[in-house]
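Reviewing the structure listed below.
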Amino acid sequence: MVNRRKPPGGRGRRSQQFLSAAVKKQRRKERAQRAPVSRFKKNLKHIERSKEANEALRRQQDAERKYKTKMNGPTDEDQLAEDGLLSSDAAEDEEREDDFEVLMKTLDKGRKGAGKREEAIESDESESDEEEEQMEAESGEDSDGESGSQSGESGHETEDEEQALQGDPYLAHVSFNISNQMLESLSADPIVVQKSTIKFKKLGQLMVEIPKDSRDKTKNSLLLEDDETYASEGTIPKLLDSSGELHLKEKIKRHLDVPFFNDLQTECFSVLNNYQDLYYPARTLNNGEEIRFVYCLHALNHILKATSKIMHHNLKLAEAASRSKKGKKNKLKMDVPIQEYRDQGLVRPKVLIVVPFRSAALKVVEMLKQLFAGDDSKAVTNYKRFQTEYGGDTLYFPKHNPKPEDYERTFGGNTDDNFRIGISFSKSSMKLYTKYYNSDLIVASPLGLRMTIGAEGESERDYDFLASIELLIMDQSEICLAQNWDHVIHLIDHLHRQPQSTEHSDFSRVRYWCLNGWSRFYRQTILLASHDLPEFRSIFNNKCVNYRGKVRIANPVKSGSIRHVVVQVPQTFHRVDVKSLEQSFDAKFMHFTSVLLPQLRSITMARCLLYVPSYFDYVRLRNFFKKEELSFVQICEYSKDAKIARARDMFFHGSTHFMLYSERSHFFRRPRIKGIRHLVFYQLPTYPSFYAEMINLMANDYQNRKDGIDASAMTVTVLYTKYDLLRLSAVIGTDQAAKLAASPKAAHTFTTLK
């Protein structure tokens, strides 16, 4: 029997199994207290190793050459070396200097202009496989010592891929400064744009607005030495071939099933990949996942391209620093100019995704994980913690008298609306719960960002991390509107502000258009909603100034939500004539109190529900009803359950004449108010489906049969102004809304047919 000896001295991997638990714990504690090695030092270590390997190879070749010279006779070069006329070190230095001259000549071609500098950088981006794989393995390790790298993955880009990147929309969007003429067009009020209309099969009608660049295009094609290549103006989106070149990173392609796009996704990606703003007011619960897949794919592709450029340029700078250090050590005179790489913003976060609930954030992160790592959950750090905090259900859905289907699908899952999470990406790892300034992507709710941004005068507030957002995605905007639209406006107003601190900025790497304060002209905004509203259009028209242009989906509404009304009741629409938007609130209040309210106070108009979308109008009417001492109950989003139950009971049994009912209460609770005989919409609902839903509550099944039912005496009254045409179109259709707005009559009545 062979006598197996233990490894001596506790050295090696086997010796660790003979250590005690206390010693192992002490070693882990010491390793945890060590300062993490910086990325720059890691790069230097890889370069030094490669240099040592090259020197060892050179020494071996010199030894072989001397042996061959001794055996077969010297060659001309060897003879010179032996005679002392040409040493091997001098030959190597000359060869290194020649390589640097070729590289610097290529890079110095665009020294005069930022655009030409970027083109020179992109034309020289080929690195060896071994160096990139070593860096990949090092950079994939997190602070806990866990490695997220994948075996066999190459982190570099081949020459063919580099040539393909020359036509990449990402490079065309971020690599060049805008011209003075383009800047004048974007700064004008209104913006000087060229409008056009195109049609896609699934998206329908697209309204395209592209800012004009009035400079002479022929002069730009004949570049002089002092000229600069400027960013080209946007183009009309063209439908891409999903089986063709989409300029996706290979890391994403390997996790996609073919075909990975349907018709709707292909058309959406054709607009997003053209780096133009998109306003899509036709997002539904059925196509929501398809749209989420497209914008997650686009956001991840944008981040990986930016990250690979930064890591590649870090290697080049580290190698140049190593050569310079080695030249000084060997006392070699190497006149090498310092190369600039402008590939970053003022801060690191590039993409901001705004969603209303934690459940939506969970779906976004799971989609990003699937696209980035596939089924490999080890490549995602802190994923189990994320599933615990963002998963689960927070609402109970009764089985008896269930809620509407859209309500259960909207509020299914974790409905907490105060959250924010940072995500960072490397070549092979995706890390959750990173700090803002160490993150590439931030997923947050409007309230979560508002808590971080703070208000004017607060001591603890921070919004510098929003200074360089290149891609803003707002999904389910209609829910954000129900939560608090002021948070969204506050967020957008704090984008691209000058940072208060330079702690997280490397100005030697910041792009020139960021330094010039033009970041808002390079931001791509994606605004998704279930229907069209003035609040969304205001954000899209006034806050989105992408120099590449913007695309708005503008499909007319054929019939509207009125077609879902099943109760046969006359529906009268009253137009309130106003001169301005500021006067519309007072004019509507005066029309209601002086014209409608005297009729509604009649005993024959008992059980009248007043539906109020705006909380400010709700408070104004409530104060007026109290002042006039009217018989009414109230239900709003701040009412407690006991008060809501009491108000519903009193209204159903006729103990009160009026009920004031806020739209946000209906949105978040969706109760069935029974006993409605007369329904008044103080303003058209924000959500078109609520119009038919409220009228259908007047059916016989929801009435108090003890009081008798006279269906012919029921009425529905709607107030609207010319500023409510979008809401009116969503209810009765675009054509009918245009007829009502142009009609000399102020009142029109619709009746549902059997």
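The values are calculated or read from the model by the stated rules, or taken from the named source; none is laboratory data. Computed from a predicted structure; not experimentally measured. No Cβ is skipped: glycine too gets one built from the backbone with ideal geometry, and neighbour counts run over all protein chains shown. Note: accessible area is taken over every heavy atom of the protein model, side chains too, but ligands, DNA and RNA are not part of it. Shrake-Rupley method; radii C 1.70, N 1.55, O 1.52, S 1.80 Å.
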Please give the net charge around THR525, taking every other residue with its beta carbon less than 9 angstrom from that of THR525, where Lys and Arg add +1 and Asp and Glu add -1. +2
List every residue whose amide H lies under 5 Å from the amide H of PHE750, counting only residues 5 or more places away in sequence or on a different chain, with H placed 1.01 Å from N in the peptide plane. GLN571, THR572, PHE573
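Can you divide the C-alpha Rg of region 669-754 by 2.2 N^0.38 Å and report the result to two decimal places?
1.21
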For VAL576, the residues 5 or more places away or on another chain with a placed amide H closer than 5 Å to its own amide H are TYR720, THR721
List, in the order given, every pair from LYS369/LYS550; LYS579/LYS626; LYS588/LYS739; LYS238/LYS363 whose Cα-Cα distance in the structure shown is over 23 Å. LYS369/LYS550; LYS579/LYS626; LYS238/LYS363
With each label point set 7 Å from Cα along the Cα-Cβ vector, what nm distance links ASN287 and ASN555? 0.5
What pairs in LYS45/LYS316; LYS305/LYS427; LYS643/LYS674 have C-alpha atoms more than 18 Å from each other? none
What net charge do the residues around PRO446 carry, taking every other residue with its C-beta under 11 Å from that of PRO446, with Lys and Arg at +1 and Asp and Glu at -1? 0
Region 640-650 - phi-based ³J(HN,Hα) in whole Hz, Karplus 6.51/-1.76/1.60, Gly and Pro as x: 7, 4, 5, 5, 5, 4, 5, 5, 5, 5, 5
Two pseudo-spin positions, 7 Å from Cα along C-beta at ARG670 and at MET650, lie apart in nanometres by 2.8
Whole-Å semi-axes of region 398-495's equivalent ellipsoid, largest first, each the root of 5 times a Cα gyration tensor eigenvalue? 29, 19, 12
Cα-based equivalent ellipsoid of region 545-700: semi-axis lengths in Å, sorted from largest, via gyration tensor: 29, 20, 17
Rounded to whole Å, √(5λ) for the Cα gyration tensor eigenvalues of region 632-695, largest first, gives 18, 14, 10
Taking the C-alpha atoms of region 603-646, how large are the radius of gyration and the largest Cα-Cα span, Dmax, in Å? 11.3, 31
Given the whole protein assembly as supplied and a 1.4 Å probe, what does the accessible area of VAL258 come to in Å², nearest 10? 130
Area of TRP518 that stays accessible when all protein chains are in place (1.4 Å probe, Å², to 10): 40
Roughly how many Å² of SER501 are accessible to a 1.4 Å probe, to the nearest 10? 50
Residue by residue through region 593-603, what is 3J(HN,Hα) from phi via Karplus (6.51 cos²θ - 1.76 cosθ + 1.60, θ = phi - 60°)? Round to whole Hz and write x for glycine and proline. 6, 9, 10, 7, 4, x, 6, 6, 7, 5, 5
Could you give each residue of region 184-189 its phi-based ³J(HN,Hα) in whole Hz, using Karplus coefficients 6.51, -1.76, 1.60 with θ = phi - 60°, and x for Gly or Pro? 5, 5, 6, 8, 5, 10
Fully extended, how many nm does the chain gain between LYS739 and MET207 (0.36 nm per residue separation, minus their Cα-Cα distance)? 189.2 nm
Under 5 Å between amide hydrogens, which residues at least 5 positions from LYS427 or on another chain qualify, with H placed 1.01 Å from N in the peptide plane? none
How far, in nm, would the chain grow between LEU19 and THR593 when pulled straight, counting 0.36 nm per residue and subtracting the alpha carbon separation? 198.1 nm
Inter-site label distance for LYS435 and ASP462 at 7 Å from Cα along Cβ, in nm: 0.7
What FRET efficiency would be calculated for the residue pair ASP263, ASP406, taking the C-beta separation as r and a Förster radius of 25 Å, to the nearest 0.05? 0.55
